1. If you scan the stretch 1-52, which residues turn out to be farther than 27 Å from THR64 by Cα and hydrophobic (A, V, I, L, M, F, W, C)?
2. Tell me which residues, restricted to the stretch 35-56, are surrounded by 13 or more Cβ atoms within 10 Å (Cβ to Cβ) and part of a helix (DSSP H, G or I).
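Every read-out reported here was derived from the displayed coordinates using simple, explicitly stated rules and does not represent laboratory data. This one's a predicted model, so the numbers in the text were calculated from it and none came from an experiment. Cβ placement follows ideal geometry from the backbone for every residue including glycine, while neighbour counts extend to all protein chains displayed.
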Amino acid sequence: MASANAIMQTDETLLCCSCQKSFLFSVHEKQIHFQKGYQNKPKRCPACRKKRMNGEDSIADSMTDRDLLLEMGKVVGEMRIFVEKEIRSLSTDVQELQRIVQAQSKSGKEPS
Ligand SMILES: [Zn+2]
């Protein structure tokens, strides 16, 4: 309880996820913020929040989305390379098996 109160009574410096600048999350702002029912600390500085409300921050936001997609694409690409390698080794196994089966069926069909 005491630690929660301590957090509530201390000014904090947070990093804006939009412009990467640090901003003050003051005790006064905290009180308003948590009174509004927000559970988490604000992600954006007041300027970016204002911009975002006005819809001016859409470019910066799509940039972070794009970065996220690029990151995901990288992972998917790595997974694809791995899967393709597996499929290749699997298909060689299958080809080898087919050759064995064909050879066996051929020898089986041959009149003795
Ligand atoms: Zn900002």
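1. Across the stretch 1-52, the qualifying residues are MET1, ALA2, ALA4, ALA6, ILE7, MET8, VAL27, ILE32.
2. PRO46, ALA47, CYS48, ARG49, LYS51, ARG52
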